[in-house]
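Written out below as structure tokens is the structure these notes cover.
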Amino acid sequence: MISTNINGISITYRDDGSGLPLIFFHAFPLNQTMWDDQSSELRNHCRVVTLDLRGFGQSSAPPGPYSMDQMAADVRALMSVLDIDKAVLVGLSMGGYIALAFYRNYPEAVRALVLADTRGSADTHEARSRRLRSAEKVETTGSKAIADDMVPLLLGRTTLESRPLIVERVRLMIEANSPQGIAGAQRAMAARRDSTYILAGVDFPVLIVVGSEDTLTPISEAESLRNGIAGARLYIVEGAGHLSNLEQPDEFNSALIRFIGGY
Ligand code: MLT
């Protein structure tokens with residue numbers, strides 16, 4: 001992993017393979033290693049950039065406030081460091097919210113979008129209040145408490161019942177993050193803008209992916225995203241929950257390789 005100074009903080013990233021650049025935006029409250037199974041396979045087909053978003057992994061977790069726009073700006077600055085003008089963005093859940101903020105702010109830098117287990121809308125009033133309570137909880141009780149709350153929500157039934165190593169991997173990723181980073185991102189998601197109105201302007205290829213057992217952003221959310229974007233394709237990953245890429249990596253990778261091979 002490499003670290004660079006971006007927008008006044010340290011951002012840690014990996015850059016492997018060559019050709020068409022794909023930039024992967026991780027979910028909340030994880031880190032870039034959630035993309036390890038994508039990186040090891042996709043680097044044989046294209047250039048793969050993953051990063052720890054501010055607040056997570058080995059990147060800095062400065063005091064808040066954070067915002068989806070700031071996190072998107074960090075990625076845009078990283079692209080300049082890496083001399084990438086235009087990339088395929090792959091965002092899962094929070095990563096999808098940030099990818100949409102990126103598209104709103106830097107449309108000229110987007111070549112195509114993969115939106116996995118995410119939604120275009122802002123939070124409802126109830127969801128926002130839940131997030132603000134959760135941000136306070138992590139600050140007072142620590143990251144382990146958030147792992148206890150989130151692991152059963154992030155993973156699908158099949159994984160929870162039969163893949164203890166994946167369950168452990170996700171738990172460790174969450175526990176390794178600082179309460180300050182988790183709280184900052186949680187409040188940033190609570191404050192995020194609605195992105196549904198920008199979807200109609202999308203004029204590049206889009207792939208929507210969702211786990212068949214995702215309860216946080218269920219198939220109906222993926223269908224409304226697909227319906228809002230002309231020409232978007234929808235792929236359902238069977239036997240996966242919200243973290244479809246790490247619960248069923250082979251299926252997820254095949255869908256991605258087919259997508260980038262198609263243009
Ligand atoms: C994620 O996986 O990034 C989170 O579930 C996003 C969210 O809480 O909306």
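Each value in this text was obtained by applying a stated rule to the coordinates, not by laboratory testing. Predicted model, so just to flag it, every value in this text is computed and none were measured. Quick reminder, even Gly has a Cβ in these numbers, built from the backbone with ideal geometry, and neighbours come from all protein chains shown.
List of remarks:
- Helical contribution to [θ] at 222 nm, DSSP H n ≥ 4, -39,500 (n - 2.57), averaged over the chain, rounded to 500: -13500 deg cm²/dmol
- Helices of the chain meeting both criteria, an alpha-carbon length of 18 angstrom or more along the long axis and an average Kyte-Doolittle score not below 0.0, with helices taken as full DSSP H segments, are 68-81.
- Among 141-154, 22-35, the order from most to least packed when residues are scored by Cβ within 10 Å on average: 22-35, 141-154
- For peptides 51-61, 166-176, 108-118, sequence by mean Cβ density within 10 Å, most packed first: 51-61, 108-118, 166-176
- Taking the chain and dividing mean pair separation by its residue count, relative contact order in percent (alpha carbons under 8 Å, at least six apart): 21
- Multiplying the residue separation of Ser129 and Leu172 by 0.36 nm and removing their Cα-Cα distance gives an extension gain of 12.9 nm.
- Dividing the mean sequence gap of close Cα pairs (under 8 Å, 6+ apart) by how many residues region 7-100 holds gives a relative contact order of 39 percent.
- Label zone of Ser40 (point 7 Å out along Cα→Cβ, amide N under 18 Å): in region 5-24 this covers 14-17.
- Alpha carbon centroid spacing (whole Å) that separates region 47-104 from region 1-37: 8
- Region 171-201-region 111-128 distance, computed between alpha-carbon centres (Å): 10
- Taking every alpha-carbon pair under 8 Å whose residues sit at least 6 apart, region 119-199 reaches a relative contact order of 54 percent.
- For peptides 78-87, 38-47, sequence by mean Cβ density within 10 Å, most packed first: 38-47, 78-87
- Exposure proxy order (Cβ contacts within 10 Å, fewest to most) of Glu221, Glu213: Glu221, Glu213
- Taking every DSSP beta bridge that has both ends in the chain, the antiparallel portion is near 30%.
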